[in-house]
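The structure appears below as structure tokens.
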Amino acid sequence: MFLGSFTKSVAMSDDAQKVFDKALESLSGVSYEPLAYATKVVNGIVYRFFCSAEVVVPEAKPFDAYVFVLVPPGGEPTMFDIKQIN
């Protein structure tokens with residue numbers, strides 16, 4: 001679907017944090033803390049956020065995940081995939 005390579009991952013910026021927050025504002029049940037991100041240009045920009053995640057229940061074990069967000073030209077950020085990293 002989204003061909004091409006991501007840029008090298010970099011530490012979170014204020015702009016990337018805003019994209020992440022907007023895309024996940026209605027997500028509940030799991031807490032995602034973005035640590036770094038990479039981008040690639042398609043018809044818009046795809047962000048791949050490297051996150052520390054934890055299910056919001058007592059004694060849940062944290063795990064790492066990639067959260068993918070698309071920002072279409074002139075549109076709002078939309079989360080379209082989450083992949084747990086083993």
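The values are calculated or read from the model by the stated rules, or taken from the named source; none is laboratory data. If you're wondering where the values come from, they're calculated on a predicted model, not measured in any experiment. Here Cβ is always computed from backbone atoms with ideal geometry, including for glycine, and neighbour counts include all displayed protein chains. Accessible surface areas use protein heavy atoms only, side chains included; no ligands, DNA or RNA. Shrake-Rupley method; radii C 1.70, N 1.55, O 1.52, S 1.80 Å.
Scanning region 56-68 for residues that are open to solvent by less than 60 Å² (accessible area, probe 1.4 Å) and out of contact with any Leu (no Cβ under 8 Å at 6 or more places or on another chain) turns up 60, 63, 65, 68.
Residue 75 meets all of the listed conditions (1) assigned to a loop (DSSP other than H, G, I, E, B); (2) open to solvent by 60 Å² or more (accessible area, probe 1.4 Å) but one, namely (2).
Among the residues of region 6-23, those identified as open to solvent by less than 100 Å² (accessible area, probe 1.4 Å), in a loop (DSSP other than H, G, I, E, B) and not aliphatic (A, V, I, L, M) are 6, 7, 9, 13. Quick check: anything in region 24-36 open to solvent by 30 Å² or more (accessible area, probe 1.4 Å), under 20 Å from residue 72 (Cα atoms) and in contact with a Ser or Thr (Cβ under 8 Å, 6 or more places away or on another chain)? The answer is no, given that none of the residues of region 24-36 is open to solvent by 30 Å² or more (accessible area, probe 1.4 Å), under 20 Å from residue 72 (Cα atoms) and in contact with a Ser or Thr (Cβ under 8 Å, 6 or more places away or on another chain). A Cβ distance below 7 Å, combined with a sequence gap of six or more or placement on separate chains, defines the contacts here; from region 39-59, residues that are touching a residue at least 40 places away in the same chain (Cβ under 8 Å) reach residues that are β-branched (Val, Ile, Thr) and not in a loop (DSSP other than H, G, I, E, B) in the pairs 46/39.
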